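K.L.:
What follows is a structure written as structure tokens; I'll ask about it next.
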Amino acid sequence: MLKVGITGGLGSGKSIASKVVKKMGCYVFDADAEGKILLVSNLNVQNELIAEFGSDILNGDDTINRQKLARTAFQDEDHQMRLNTVIHPYIFDEIDKQYEKLLDEGQHEVFVVDGALIFESGLDSHLDYTVVITAPFAMRMSRALSRGGLNRDQIQKRMGLQWKDEDKISLANYVINNTKDEDYLTQQIKEIFGQFI
């Protein structure tokens, strides 16, 4: 079973790409969603984050407040690195566990990791192929704003903490420049993943 990473900056279109490959029969592991699950389900993660960032990230009932954690963690590169140093090893463990389980079941030919920080975390060295989805800044900003949840300043700050597209492109096996519509992105993804299935 191949391990393939789909990555791209905020608003690039990687979530749409992941839906397409899921319909094609690939298993999709959403690393960002898994990180959110770990925040509420894993006591070790919670304790390590409290030790790292203090009680300012907590709700009144001593559970982690995701918005407070995000405000703290995404204020600069140092804080983001501290967050990732705690979370990424647990995500890597979950990827390995899920991959082994699916390998035994033998129902999927491709295991896809959907993650914003595949290169930044070093996960790419554990994958067979990486697909980077890029788009111009204005298009990414517009897409990210249309989702709601984050304002322009928050989006810009998070984009600034991610690697530049050219750095990801230099390491990727496949690159999709997502400057057209959803049908175009779908077609590009199908062409790439058609080689793996």
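K.L.:
Where nothing but the Cβ of Lys and Arg (+1) and of Asp and Glu (-1) is charged, how large is the charge dipole of the chain around its Cα centre, in debye to the nearest 20?
P.N.:
On the way: 22 positive and 30 negative charges, 162 e Å.
That gives the chain a dipole magnitude of about 780 debye.
K.L.:
Counting helices only, and only those DSSP H runs with n ≥ 4, report the 222 nm mean residue ellipticity of the chain as the sum of -39,500 (n - 2.57) divided by its residues, in deg cm²/dmol to the nearest 500.
P.N.:
The helix contribution divided over the chain gives -17500 deg cm²/dmol.
K.L.:
Using a Cα-Cα cut-off of under 20 Å, which lysines could be cross-linked to LYS14, ignoring same-chain neighbours fewer than 8 residues away?
P.N.:
Straight-line reach from LYS14, under 20 Å: LYS3, LYS22, LYS23, LYS36, LYS157, LYS164, LYS168, LYS180, LYS190.
K.L.:
Measure nothing fancy, just the Cα-based angle from helix 14-23's long axis to the longest principal axis of the chain, in degrees from 0 to 90, nearest 10.
P.N.:
For 14-23 against the chain, the angle is about 50 degrees.
K.L.:
Still on this structure, please answer the following. Extending each Cα 7 Å along its Cβ direction at THR179 and ALA138, get the distance between those two points in nm, one decimal.
P.N.:
Spacing of the two 7 Å Cα→Cβ label points: 1.2 nm.
K.L.:
Mind pulling the angle between the C-alpha long axis of helix 31-41 and the longest principal axis of the chain? Nearest 10 degrees, somewhere in 0 to 90.
P.N.:
Tilt relative to the chain: about 30 degrees.
K.L.:
How high is the relative contact order of region 2-193, in percent, counting Cα pairs under 8 Å that sit 6 or more residues apart? Intermediate values should be presented prior to the final figure.
P.N.:
Working: 239 pairs, mean separation 76.3, N = 192.
The normalised contact order for region 2-193 reaches 40 percent.
K.L.:
Would you indicate which of [x] 17.3, 61; [y] 17.0, 51; [z] 15.6, 48 is the value of Rg and Dmax of the Cα atoms in Å derived from the coordinates of this structure?
P.N.:
Entry [y].
Rule-based calculations on the coordinates, nothing more; no lab input. Computed from a prediction, not measured in an experiment: that's the story for all the values here. With ideal geometry, Cβ positions are generated from the backbone for all residues, glycine too; neighbour counts draw on all protein chains shown.
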